[in-house]
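Only one structure is covered here, and it is reproduced in the block below.
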Amino acid sequence: IVSAKIALFSPVRPMLAEMATSVGEILESHRNGTAFEYKYDGARIQIHKRGKEVRIFSRRLTEITASVPEIVTLANDQIGCGQALLEGEVIAVDSHGRPLPFQDLMRRFTRIHDVTGASTKIPLELHLFDILFLNDDELTEIRYVERRKLLEREIPHELLAPRIVSADESEIQRLFDKALADGHEGLMAKALDSRYEVGKRGK
């Protein structure tokens with residue numbers, strides 16, 4: 001069996017998650033440690049970058065580069081690595097930085113005309129959480145904890161999703177409560193030793 005290789009500017013089917021009913025269930029499943037990070041009510045995207053060429057794809061693998069010019073500019077200005085495939089979430093925010101309803105975000109993603117005007121009315125905010133390709137290296141076979149270290153090395157801290165690594169249920173609950181208070185959906189739990197399984201749904 002020959003596994004498919006990642007090629008920049010060819011979108012990759014995202015790995016998906018299952019719903020958990022309790023923190024205890026998560027910690028039991030993830031025997032080698034768990035990271036908890038904000039779950040946003042936004043749109044999942046892939047950023048493909050080679051030098052100054054940037055193309056952006058939606059979760060459904062549709063190219064949306066023209067609809068999100070500020071994300072292209074941000075990628076060129078703040079992501080310094082030469083070649084990368086990054087995963088993240090884009091949310092729409094109001095003038096105070098609070099998340100706007102998902103429907104407002106979808107109006108941006110489907111915008112074809114007057115994109116500049118729309119970007120003023122409905123600004124976007126990017127939160128990155130994974131890296132699948134860096135320079136000449138495909139990263140799907142390495143553990144999440146190692147991919148995260150590479151992401152933190154390459155990406156400014158302010159672009160990363162808030163996150164803790166913990167088995168303390170009280171600490172996890174505090175982050176969960178803060179995520180809700182900030183207007184987000186809750187938390188994602190990621191096993192530290194997990195690999196990235198393209199197109200699959202895992203715990």
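Charged side chains reduced to their Cβ positions (Lys and Arg at +1, Asp and Glu at -1) give region 130-200 a dipole of some 80 debye around its Cα centre. Under 18 Å of direct C-alpha separation, and excluding same-chain neighbours fewer than eight residues apart, residue 203 reaches these lysines: 39, 190. Cut-off under 20 Å on the C-alpha distance; same-chain residues fewer than 8 positions from residue 149 excluded. Which aspartates and glutamates are left, in chain and number order? Once the sequence-local aspartates and glutamates are set aside, what remains near residue 149 is 37, 87, 89, 130, 136, 137, 138, 141, 158, 193, 197.
Per residue, the convex hull spanned by the Cα atoms of the chain measures out at 123 cubic angstrom.
A straight Cα-to-Cα reach below 23 Å connects residue 52 with the lysines 5, residues fewer than 8 places away in its own chain not being considered. Sites listed here are trypsin sites (Lys or Arg not before Pro) in region 28-98 whose DSSP assignment is loop and whose Cβ has at most 14 other Cβ atoms within 10 Å: 31, 52, 60. Beta bridges assigned by DSSP with both partners in the chain are antiparallel in approximately 90 percent of cases. Atom-type composition of the exposed protein surface of the chain places 51 percent of the accessible area on carbon and sulfur (1.4 angstrom probe).
Over region 75-161, give the accessible area per residue in Å² for a 1.4 Å probe, as an integer. Walk me through the intermediate numbers first.
Values: 4360 Å² over 87 residues.
The answer is 50 Å² per residue.
Placing unit charges on each Cβ (+1 for Lys and Arg, -1 for Asp and Glu) gives the chain a dipole about its Cα centre, and among 58, 26, 126 the Cα reaching farthest toward its positive end belongs to 58.
The values are calculated or read from the model by the stated rules, or taken from the named source; none is laboratory data. If you're wondering where the values come from, they're calculated on a predicted model, not measured in any experiment. Cβ atoms come from the backbone with ideal geometry, glycine included; neighbour counts cover every protein chain shown. Each accessible area value is taken on the protein alone, full model and side chains, heavy atoms only, with ligands, DNA and RNA left out. Shrake-Rupley method; radii C 1.70, N 1.55, O 1.52, S 1.80 Å.
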